[in-house]
Amino acid sequence: MLNSRLQLPVEPAVILKALQDAGYEAYIVGGAVRDLLLAPDGDLRTQPERLDFDFTTNARPEEIIAVFPEAFYENQFGTVMITPEDLRAQFGLPEPSDTQAEEAAQSPKRIIDLAKATKIHISLEVPEASADPEKKEKQERNFEITTYRSEGAYSDHRRPDFVDWGESIEEDLERRDFTINALALKINAEALEKIAERKETDLLQLDPSEYEIVDLHGGVEDLKQKIIRTVGNPGDRFREDALRMLRAIRLSVQLNCKIDEITYEAIIKNSDLITNISFERISAEFLKMLASRFPKEAVEMLDETGLLVHIIPELLEGKGVEQGGHHTTDVWTHSLDALAACPSTDPIVRLATLIHDIAKPRTYADSDGKITFYNHEIIGSRMAKKIAERLRLSRQDQERIFILVRYHMFYYQPENTDASIRRFMRKVGLNNIDDILDLREGDRLGSGARRTSWRLEEMKARMVEQLHQPMEIRDLAINGHDLMRELGMQPGPELGRVLNELFELVLDDPQLNQKEILLEKAKELVV
């Protein structure tokens with residue numbers, strides 16, 4: 001059931017009021033309207049992320065900038081942007097409360113608990129949010145205000161050849177992709193006046209008498225029926241922008257909706273057009289699918305529609321490749337089942353889980369009925385990194401993918417020494433330990449095994465015990481300056497060799513990590 005009593009942050013309401021006060025029409029449009037109607041119990045604080053609010057108006061870009069002097073206009077599509085900070089400064093709004101984020105973000109309990117560590121290792125250090133513009137951008141997206149527009153043909157299947165200013169909201173909604181996104185929200189002047197007088201950070205309540213939903217294409221009914229369909233002919237929409245085919249699948253798994261039959265058939269017919277789209281745009285949609293509640297179903301739809309072969313064709317090699325031992329399914333099915341069972345919501349960890357056995361088809365061997373995949377984790381880690389590069393992931397995420405696939409076959413026995421536990425933790429990296437455990441859980445469940453085992457639980461406990469032990473050369477009780485001062489060593493490779501050998505000794509026996517002992521050991525190591 002859709003909400004009739006909507007909640008709205010104060011900033012979007014202030015934007016609407018400022019434009020209306022200047023004599024222009026103004027609406028909230030697109031996904032924000034959809035999500036306001038779908039918010040559980042009408043409460044935005046239950047949303048996992050802040051909503052992205054987009055606006056449309058009959059004001060031209062230069063007229064919008066006259067209303068919001070700190071806004072900026074850098075494109076040909078009639079979109080003016082204003083930062084939340086500038087909007088709050090212009091209208092004297094208080095800083096937003098973090099209540100929504102705090103209540104929505106329920107962090108899962110992690111095995112590697114930094115509170116139990118003596119110190120934070122370099123592998124876990126992250127920049128402050130204020131010093132990370134990309135992180136700040138993710139927290140508060142700029143508000144986008146676009147002039148009504150109509151569009152020309154999309155000859156490159158990516159962007160319109162030209163844009164004309166439109167004259168009405170009806171004309172603007174006609175160009176949008178899906179019916180559930182072709183919705184506009186207009187708040188009446190009296191309600192906006194009441195909101196402006198409050199200027200509070202709490203979410204504002206809107207009764208049905210205070211707003212109007214403009215719905216020309218049956219989007220509200222499609223939301224009720226949980227159906228994804230295009231505005232107008234789906235073939236035309238997908239030929240205009242081929243990314244819309246991925247967006248249909250992403251919305252389907254994010255909102256738990258079904259793609260209507262005509263739209264689905266059009267995706268199949270036009271799937272080859274996805275090759276016109278950059279991998280940056282493809283990757284953004286694909287990662288959102290993986291982060292949804294139904295990542296397995298997303299990959300299945302990508303396969304059924306012919307899109308997957310253009311994104312991760314290596315996955316398809318696993319179809320029909322039998323596995324031995326406890327496995328009861330082929331590599332393809334196991335990969336999908338592992339993805340579905342992975343407890344992490346991080347799309348990078350889920351991607352690693354999906355492709356953790358990517359090299360099995362290429363390492364398959366059958367010797368007298370015994371199936372083996374020797375070194376599939378080694379070859380697979382290289383393949384996984386190439387997939388991550390193709391998806392234009394950051395270098396950090398490429399490395400995470402490589403590590404998770406490379407070491408997902410880790411094995412534990414009670415007789416393993418503490419030193420071997422520390423070496424494993426150092427090799428994988430403390431910041432990847434929980435992720436590789438999540439991958440292992442998905443792998444086990446996807447194979448039909450239990451979620452965990454006594455060996456795995458014992459290994460977890462032993463890793464926690466080792467958190468206070470040295471994990472990096474910087475954890476040594478001695479450093480290069482000490483060696484130069486006490487032993488007369490000079491900077492260079494020899495100094496690095498001695499420090500590395502001292503660290504290997506400490507990994508085996510942490511009790512050696514005392515300055516006097518290490519100086520004596522260093523004297524023995526100096527050539």
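DSSP loop trypsin sites (Lys or Arg not before Pro) in region 271-332 with at most 13 other Cβ atoms within 10 Å of their Cβ, which ones? Mind showing how you got there, number by number?
Working: sites: ARG281, LYS288, ARG293, LYS296, LYS319; in loops: ARG293, LYS319.
Passing sites in region 271-332 are ARG293, LYS319.
Please list the radius of gyration and Dmax for region 314-428, considering alpha-carbon atoms only, with Å as the unit.
14.9, 44
Could you list which residues have their amide H under 5 Å from that of GLU25, counting only those 5 or more apart in sequence or on another chain, with H placed in the peptide plane?
Amide H neighbours of GLU25: ASN58, ALA59.
Using modelled backbone amide H atoms (1.01 Å from N, in-plane), which distant-in-sequence or interchain residues come within less than 5 Å of VAL80's amide H?
ILE145, THR146, THR147
Given the -39500 (n - 2.57) contribution per DSSP H run of 4+ residues, what per-residue ellipticity at 222 nm results for the chain, rounded to the nearest 500 deg cm²/dmol?
Numbers: 25 runs with 249 residues, N = 527.
My calculation for the chain gives -14000 deg cm²/dmol from helical runs alone.
Using only Cα atoms, what Kirkwood radius does region 346-401 have, in angstroms? Before the final figure, lay out each step's value.
Details: mean 1/r = 0.0838 Å⁻¹.
Radius from the Kirkwood sum: 11.9 Å.
Cα convex hull of the chain: how many Å³ per residue?
Details: hull volume 103.2 nm³, N = 527.
That works out to 196 Å³ per residue.
Once Rh is set to the Kirkwood radius over Cα pairs, what Stokes-Einstein translational diffusion coefficient, in µm²/s, holds for region 449-527 at a temperature of 4 °C and a viscosity of 1.567 mPa s? Walk me through the intermediate numbers first.
Working: Rh = 14.2 Å.
Approximately 91 µm²/s, per Stokes-Einstein.
Counting residues in region 228-307 as N, plug N into 2.2 N^0.38 Å and put the Cα Rg over that result.
Values: Rg = 11.3 Å, N = 80, 2.2 N^0.38 = 11.6 Å.
Against the compact-globule rule of thumb, the ratio is 0.97.
With axes computed from alpha carbons, what is the tilt in degrees of helix 418-428 against the longest principal axis of the chain, rounded to the nearest 10 within 0 to 90?
The answer is roughly 40 degrees.
Step through the residues of region 281-287 one at a time and calculate ³J(HN,Hα) from phi using the Karplus curve (6.51 cos²θ - 1.76 cosθ + 1.60, θ = phi - 60°), rounding each to whole Hz and writing x for Gly and Pro.
Here the 3J(HN,Hα) series is 6, 4, 4, 4, 5, 5, 5 Hz.
Where does the longest stretch of the chain lie that holds no GluC sites (Glu not before Pro) found in a DSSP loop with 10 or fewer other Cβ atoms within 10 Å? Please list the in-between numbers first.
Values: sites that count: GLU74, GLU125, GLU128, GLU415.
Segment 129-414 is the longest.
Every number in this text was worked out from the coordinates using simple rules, so none of it is lab data. Since we're looking at a predicted model, the values are computed, not measured. Using ideal geometry, Cβ is built from the backbone for each residue, glycine included, and neighbour counts are taken over all protein chains shown.
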